[in-house]
Every structure is written in structure tokens, then in C-alpha cells.
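The values are calculated or read from the model by the stated rules, or taken from the named source; none is laboratory data. Here the structure is a predicted model, which is why all the values come from computation and not from measurement. A quick note on method: Cβ atoms are made from the backbone with ideal geometry, for glycine too, and the neighbour counts reach across all protein chains shown.
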Amino acid sequence: NQGLGMEVRAPGSARGTSKRRIPVSQPGMADPHQLFDDTSSAQSRGYGAQRAPGDLSYPAASATPQAAFLADPVSNMAMAYGSSLAAQGKELVDKNIDRFIPVTKLKYYFAVDTMYVGRKLGLLFFPYLHQDWEVQYQQDTPVAPRFDVNAPDLYIPAMAFITYVLVAGLALGTQDRFSPDLLGLQASSALAWLTLEVLAILLSLYLVTVNTDLTTIDLVAFLGYKYVGMIGGVLMGLLFGKIGYYLVLGWCCVSIFVFMIRTLRLKILAEAAAEGVPVREARNQLRMYLTMAVAAAQPLLMYWLTFHLVR
Amino acid sequence: LGIHFDHIWQKTLTVLNPMKPADGSIMNETDLTGPILFCVALGATLLLAGKVQFGYVYGLSAIGCLVIHALLNLMSSSGVSYGCVASVLGYCLLPMVILSGCAMFFSLQGTFGIVSSLVIIGWCSLSASKIFISALDMEGQQLLVAYPCALLYGLFALLTIF
């Protein structure tokens with residue numbers, strides 16, 4: 001085997017050619033990530049003999065055409081190593097993404113169908129006739145949005161947000177104030193306001209020591225529903241001028257106010273509202289004020305984020 | 001090279017006929033040859049119409065594919081791979097290439113241009129959503145999938161018109 005000894009040596013020996021990487025495994029050990037077969041052992045002798053022509057021609061490999069490079073078993077193994085490394089990297093990314101973004105919990109909020117979206121949009125524009133706002137439960141977990149129109153979802157807020165950014169771009173375009181970075185500015189400012197709102201409400205819920213089952217994602221979903229009204233207002237403003245904008249925005253503001261009050265009342269004032277007991281104690285009154293404040297903030301933000309788009 | 005011309009042709013026919021229900025198995029192999037061809041064709045027709053906007057086309061398609069990939073993973077019970085999403089969206093770009101081909105000959109900023117671009121956007125998003133729901137077995141969600149696709153193709157149409 002001495003004639004082939006220049007390819008692979010036990011670790012620690014001096015390198016022969018500079019183009020080879022250093023082998024790291026012991027002779028005879030089958031390491032899946034090993035770049036080379038260890039030809040100093042008897043089993044791989046046949047393989048080693050096969051590789052000798054490729055090895056000896058290695059210094060001249062740079063002069064030979066690319067086909068020889070691809071047929072070289074070394075590069076095959078390098079590709080196998082690279083693809084296993086990529087697969088490991090992908091696993092790592094998937095595992096870590098699951099830690100930061102709870103994908104299975106998010107899937108609940110996207111389990112919607114067209115009928116649900118239609119009914120929910122109707123509810124957002126006209127919540128006055130709907131009687132029962134309670135979310136149905138099925139063995140202690142809330143039922144998916146597909147089956148209950150009262151359940152919060154994230155499809156409508158997400159789509160409404162994206163549509164709002166695009167409609168804002170359209171509105172700025174018709175006023176000749178459009179540029180792509182302005183679109184990015186709109187998007188990030190709307191996102192910043194949303195984050196601020198969520199944080200403010202979470203903080204006040206914490207300070208008032210309310211025990212609710214209102215999760216952060218639920219809150220984001222509820223706060224995202226106002227974008228639907230904003231889109232309606234801006235579109236009407238584009239078609240019919242300021243009068244149309246004010247009319248539609250006024251209607252949507254009142255609807256969102258009523259919608260938020262009725263939905264949040266069940267979540268925040270859970271015990272009192274469930275029995276229909278009038279609110280007397282200080283703690284319940286504080287909760288009621290909090291609900292009213294959240295609901296009142298919605299129309300204000302709706303106006304604030306859209307009035308500069310309609311001239 | 002693994003390019004099967006009959007598969008490409010079959011998928012193109014599925015796109016061109018949005019009313020016919022699609023077969024769920026056509027998306028089993030992810031093939032990016034057709035989509036890349038259509039993207040380059042779109043860039044070429046835009047160039048011939050006088051707008052050098054390759055960067056926007058590629059950037060927009062990358063971001064749009066990412067968003068729709070995330071959305072479909074969340075909405076469907078079985079996940080999708082990024083390549084599958086890119087492949088379907090690329091195939092359904094074909095009517096948009098037709099639109100920008102027309103833009104070479106007459107300007108699209110009049111009423112006829114707006115109406116025809118709306119029709120083309122509807123065509124693209126209907127066929128994309130049809131392929132997605134048949135490949136992913138999602139029921140009752142065709143319009144929900146069609147809406148984000150319509151937004152994406154609407155942006156492409158904006159590039160074509162303005």
C-alpha cells in the first residue's frame with residue numbers, strides 16, 4: 001500500500017500535496033462525514049487502486065476539462081458532504097424557528113374558509129344585529145375559526161395589513177407622491193403603531209392584574225381588524241373624494257368601536273359579563289374603562305393612519 | 001438535464017385553461033425551468049416596451065414567493081416546499097407575459113388597458129389558486145388563496161402598466 005500512501009495518512013503526519021484536506025478519522029473507522037476513504041486499511045485497497053489514476057493526475061487536473069472534475073470521486077464526496085451539511089443546517093433553522101414563532105399555534109388562526117371570511121367581514125362592517133359573541137369551546141380548547149364566526153383569526157388582519165400598504169401606495173401614486181421607499185415607510189410605520197398598541201394594552205392588562213385568556217396573538221388579531229375599515233375608507237376616498245372618505249370612515253369607526261367593545265367585554269370582563277351582573281366593584285370598573293379605552297383608540301388610529309392619504 | 005418538455009407543456013395547458021379542474025398530481029415534481037423561462041420572457045417583453053426593470057421583477061417575485069409560501073404552510077394541513085410554490089407562481093405568470101407583450105404595441109393606461117389587466121390578474125390568480133388547492137387538498141379556500149396571488153400579480157401588472 002506504500003505506493004498509495006501519499007493520499008491519506010494517519011492524523012498528524014505531514015501533508016503531501018496542498019490540494020488535499022486533512023483526514024480526521026482513524027484507520028478502519030467508518031465516518032459518514034469523512035472526505036476520503038482511508039486507503040491505508042486493507043478493505044479499501046481496491047477502491048484506492050481505482051483512485052490512484054485520479055490522484056496522480058490531480059496536479060494536472062487544473063489543465064483537464066471540467067468533466068474530469070465532476071467524475072472525480074473526491075468531488076462526489078465533497079458534494080455529498082455539502083448536501084448533508086445543508087440538510088443539517090435546514091433542520092437547525094426549522095428547530096429554531098419553532099422556538100421563536102409557534103407555528104402550530106399560528107396554524108389555528110389560519111384555519112379559515114371562504115364562508116367564515118365573508119361572515120366576519122360582514123360582522124366587521126355591521127356588528128349591530130349579531131347576538132351571540134361567545135366563542136364555542138370543544139373540550140377546553142376553542143373551536144377553529146372555520147366553525148365559529150366569533151373566533152379570532154389572523155388571515156383577515158394579515159391580508160388587510162398588506163392590502164392597506166398597497167392601497168396607500170396606490171393613493172400616493174395618484175397624487176404623484178409615490179416612490180418605493182415611501183411604501184416601505186408606510187409599511188414600517190403601520191407596523192410600529194401596531195406593535196406599540198399591542199405593548200400598551202399588554203402593559204395595562206398586566207397593571208390591572210386581569211386574568212384573562214386573551215393571548216398576545218388574539219390581541220394582535222383583534223387590533224388588526226381595523227385595517228379593513230381603513231382600506232374601505234381610503235378606497236372610497238380615492239373614488240369619491242373627501243366626502244366619501246369621511247362617510248365610510250365614520251361608519252367603519254363606529255362599527256369597529258361596537259365590535260371591539262362586544263368582543264373584549266367577553267374576554268376581559270369575563271366573570272361579570274358572563275352572568276350579566278352590572279358592574280359595581282372598583283376592579284370591574286377598571287376593567288370596563290380599559291375595554292372602553294382600547295375600543296376608543298381604534299377609531300383614533302384609523303383616522304391618524306389614513307388622513308394624509310386622502311387629499 | 002432533467003427537463004421534460006411534455007410536463008412543461010402539460011402544466012402550461014393547465015394554466016391556460018382556468019376553468020378546467022386541475023389534476024392534483026401534476027405538481028409532484030418541482031420544476032423551475034418553465035417559471036424561469038416565463039420570468040425571462042416577462043423581463044424581455046418589458047425591455048422591448050421600454051422599461052428596464054429586471055431588478056424589480058426578480059425582487060418582487062422572490063418576496064411574493066416567500067410570503068405565499070409562509071401563508072400556504074400556515075393554511076394547509078400538509079406543508080409545501082418553497083420550490084413548489086415558486087414553480088406554480090412562475091407558471092401562472094404566463095398570462096402576464098401576454099399582457100406585457102400587448103403593452104409593446106399599445107399603451108395600457110387607458111380604460112381598455114385597465115380592464116384587460118384586471119381580467120389577466122383574475123386569470124392568473126384563479127389558475128394559481130386552482131393548482132394550489134388541488135395539489136394541497138384544501139377545501140373551501142380557493143378564494144382565500146386567490147386573493148394574495150391576485151395582490152402579487154397586481155403588483156406585476158402595475159410594473160407592466162406604469
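For segment B:45-76, taking the residues that are touching a Cys at 6+ places or on another chain (Cβ under 8 Å) and within 14 Å of chain A (Cβ to nearest Cβ), the one that is surrounded by the fewest Cβ atoms within 10 Å (Cβ to Cβ) is identified as B:57. Only residues that are loosely packed, with under 14 Cβ neighbours inside 10 Å, at pLDDT 75 or above and charged (D, E, K, R) were counted across segment A:73-114, and they come to 2.
When restricted to residues that are modelled with pLDDT under 85 and on the phi < 0 side of the Ramachandran plot, segment B:134-154 contains 5. Looking at (1) at pLDDT 85 or above; (2) part of a loop (DSSP other than H, G, I, E, B); (3) more than 17 Å from residue A:226 (Cα to Cα); (4) aliphatic (A, V, I, L, M), find the lone condition where residue A:135 falls short. Condition not satisfied by residue A:135: (1). Tell me, please, whether a residue that is among the aliphatic types (A, V, I, L, M), in contact with a helix residue (DSSP H, G or I) (Cβ under 8 Å, 6 or more places away or on another chain), farther than 24 Å from residue B:109 by Cβ and crowded, with 19+ Cβ neighbours inside 10 Å can be found in segment A:166-179. No, segment A:166-179 has no match at all. Return the residues of segment A:115-134 that are surrounded by fewer than 17 Cβ atoms within 10 Å (Cβ to Cβ) and under 15 Å from residue A:159 (Cα atoms); say none if nothing qualifies. A:118, A:121, listed by residue number.
Here residue B:34 meets each of (1) at pLDDT 80 or above; (2) surrounded by 12 or more Cβ atoms within 10 Å (Cβ to Cβ); (3) in a helix (DSSP H, G or I) with one exception, condition (1). For the structure I just gave you, tell me whether residue A:137 is aromatic (Phe, Trp, Tyr) and farther than 26 Å from residue A:248 by Cβ. Criteria met by residue A:137.
Every condition in (1) part of a helix (DSSP H, G or I); (2) without any contact (Cβ under 8 Å) to a residue 40 or more places away in the chain; (3) closer than 24 Å to residue A:158 by Cβ is met by residue B:144 except one, and the failing one is (2).
For every residue, the table says whether it meets (1) among the basic types (Lys, Arg); (2) at pLDDT 90 or above; (3) exposed (fewer than 14 other Cβ atoms within 10 Å of the Cβ); (4) part of a helix (DSSP H, G or I).
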{"position": "A:198", "(1), (2), (3), (4)": "no, no, no, yes"}
{"position": "A:201", "(1), (2), (3), (4)": "no, no, no, yes"}
{"position": "A:204", "(1), (2), (3), (4)": "no, no, no, yes"}
{"position": "A:211", "(1), (2), (3), (4)": "no, no, yes, no"}
{"position": "A:219", "(1), (2), (3), (4)": "no, no, no, yes"}
{"position": "A:228", "(1), (2), (3), (4)": "no, yes, no, yes"}
{"position": "A:266", "(1), (2), (3), (4)": "no, no, no, yes"}
{"position": "A:274", "(1), (2), (3), (4)": "no, no, yes, yes"}
{"position": "A:292", "(1), (2), (3), (4)": "no, no, no, yes"}
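Could you tell me whether any residue of segment B:91-102 is under 24 Å from residue A:173 (Cβ atoms), among the aromatic types (Phe, Trp, Tyr) and more than 14 Å from every other protein chain (Cβ to nearest Cβ)? Within segment B:91-102, none of the residues are under 24 Å from residue A:173 (Cβ atoms), among the aromatic types (Phe, Trp, Tyr) and more than 14 Å from every other protein chain (Cβ to nearest Cβ).
Among residues of segment A:227-248 that are free of Cβ contacts under 8 Å to residues at least 12 places away in the same chain, those with a Cβ under 7 angstrom from a residue that is among the hydrophobic types (A, V, I, L, M, F, W, C) and surrounded by fewer than 24 Cβ atoms within 10 Å (Cβ to Cβ), sequence gap 6+ or separate chain, pair up as A:244/A:236. Contact map, segment A:197-209: first residue touching a residue at least 60 places away in the same chain (Cβ under 8 Å), second residue among the polar types (S, T, N, Q) and surrounded by 13 or more Cβ atoms within 10 Å (Cβ to Cβ), Cβ cut-off under 8 Å, separation 6 or more or different chains; pairs are A:205/A:212. Scanning segment B:152-162 for residues that are surrounded by fewer than 22 Cβ atoms within 10 Å (Cβ to Cβ) and touching a Ser or Thr at 6+ places or on another chain (Cβ under 7 Å) turns up just one, B:161. Within segment A:133-164, being within 14 Å of chain B (Cβ to nearest Cβ) and either within 18 Å of residue A:298 (Cβ to Cβ) or in contact (Cβ under 8 Å) with a residue 60 or more places away in the chain (or both) holds for A:153, A:154, A:156, A:157, A:158, A:160, A:161, A:163, A:164.
Summed over segment A:165-194, the residues that are in a helix (DSSP H, G or I) and within 14 Å of another protein chain (Cβ to nearest Cβ) give a count of 15. In segment B:104-151, of all residues being more than 14 Å from the chain's Cα centre (by Cα), more than 14 Å from every other protein chain (Cβ to nearest Cβ) and closer than 22 Å to residue B:10 by Cα, the one that is surrounded by the most Cβ atoms within 10 Å (Cβ to Cβ) corresponds to B:135. Among the residues that make up segment B:52-71, is at least one of them touching a Ser or Thr at 6+ places or on another chain (Cβ under 9 Å), among the aliphatic types (A, V, I, L, M) and in a helix (DSSP H, G or I)? No - not one qualifying residue is present in segment B:52-71.
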